[in-house]
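No value in this document is a laboratory result; all are computed from the given coordinates. Model, not experiment: these values are computed from the prediction. Glycine also receives a Cβ, built like all others from the backbone with ideal geometry; neighbour counts cover every protein chain displayed.
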Amino acid sequence: MVSILITAGPTREYLDDVRFLSNGSSGRMGCALAQAARNAGHGVTLVLGPVEIIAPSGVAVVHVVSALEMQQAAERAFPKCDIVIAAAAVSDWRPATRAPGKPARGPDEQVLRLVPNPDIVAGLAARKGPRIVVGFALEAASAGMPAAIARGRQKLVKKALDAVVVNLHDTIGSTSAQFVVCHREGRDEELPRMDKEAAAARIVAMAEQLWRARATP
């Protein structure tokens, strides 16, 4: 049995006790990955941001809200895992300060100062050792898949990942998607459009194969 850590869903970065910055990630792909890994007989820890869908049964779920909470949960689970699949849509920035309560609306313009959130998957990959770390790259649909693959490959190298799953932003909220898996050795594996559950099974099997190849003397 392989131990797999999966991050999924969005994060929320609160400006005050009510308002927040976030994105449209449903968490559906990450939950499908967790279910596929469980169905394959693996041990699964799912670090899950705020979503409306129900996480699959039979996996260890850690619910988080912010990027800093997701980082802490992922780092706690990391030492005992063999594979990381980082499918979460982590907010790139958070407010520099969080206002108490719910400030009243006023007539003046407001300036919002943001600070960068940690790059969770890059931080894990930097000390991965024998582990396999797979990232996701969500790119603008207007750029087209070739440009998205090029950006995905840049992320793969910059973050020292073993593979990057590239998809376009029109997959957010959808039940199906088209993915391209960019491998570290230079190979691009295009998956035909399929439902996210089927794609998740392919991605989990790919990650397991990479891990077994590395673990075999």
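Any chance you could run the full-extension gain for M194 through E75? It's 0.36 nm times the residue separation minus the Cα-Cα distance, nm to one decimal. The partial results should precede the final answer.
Values: separation 119, 0.36 × 119 = 42.84 nm, distance 3.17 nm.
Gain on stretching M194 to E75: 39.7 nm.
Over the residues of the chain, the helix contribution to mean residue ellipticity at 222 nm works out to -9000 deg cm²/dmol, using -39500 (n - 2.57) for each DSSP H run of at least 4.
Please identify the trypsin sites (Lys or Arg not before Pro) of the stretch 1-95 that satisfy two criteria: DSSP loop assignment and at most 14 other Cβ atoms within 10 Å. Which are they?
Details: sites: R12, R19, R28, R38, R76, K80; in loops: R12, R19.
Sites meeting the loop and neighbour criteria: R19.
Using the structure shown, select from K128/K196; K158/K196; K128/K158 the pairs with a Cα to Cα distance greater than 24 angstrom. From the list (K128/K196; K158/K196; K128/K158), the Cα-Cα distance tops 24 Å for K128/K196; K158/K196. Between beta-carbons, use under 12 Å as the cut-off and find the net charge around T11, counting Lys and Arg +1, Asp and Glu -1. After counting each charged neighbour, the total is -1.
Distance between the pseudo-spin-label points of A104 and D17 (7 Å out from Cα toward the beta carbon): 1.6 nm.
If you take every residue apart from K80 with its C-beta less than 15 Å away from the C-beta of K80, what net charge results, scoring Lys and Arg +1 and Asp and Glu -1? Write down the numbers at each step before the final one.
Numbers: positive: R76, R127, K128, R131; negative: E75, D82.
Computed value for this residue: +2.
Rounded to the nearest 10 degrees, the inclination of helix 67-77 to the longest alpha-carbon principal axis of the chain is 30 degrees. Going toward the positive end of the dipole of the chain, with +1 on Lys and Arg Cβ and -1 on Asp and Glu Cβ, which of A67, C31, T45 do you reach last? Going by the Cα projections, it comes out as T45. Rounded to the nearest 20, the Cβ-based charge dipole of the chain about its Cα centre (Lys and Arg +1, Asp and Glu -1) stands at 480 debye. Only Cα pairs under 8 Å and 6+ residues apart enter the sum, and on that basis the relative contact order of the chain stands at 21 percent.
Helix 196-215 and the long axis of the chain differ in direction by around 60°, with both axes built from C-alpha atoms.
Taking other Cβ atoms within 10 Å as a rough exposure proxy, I54, I4, I83 sort from fewest to most as I54, I83, I4.
Of all DSSP bridge pairs formed entirely within the stretch 1-125, close to 25 percent run antiparallel. Take the chain and mark each of the GluC sites (Glu not before Pro) that is in a DSSP loop with at most 13 other Cβ atoms within 10 Å; the longest unmarked stretch, sites excluded, is 110-184.
Report the relative contact order of the stretch 25-138, percent, no decimals, based on alpha-carbon pairs under 8 angstrom and at least 6 residues apart.
Numbers: 127 pairs, mean separation 27.6, N = 114.
Once divided by the residue count of the stretch 25-138, the mean separation gives 24 percent.
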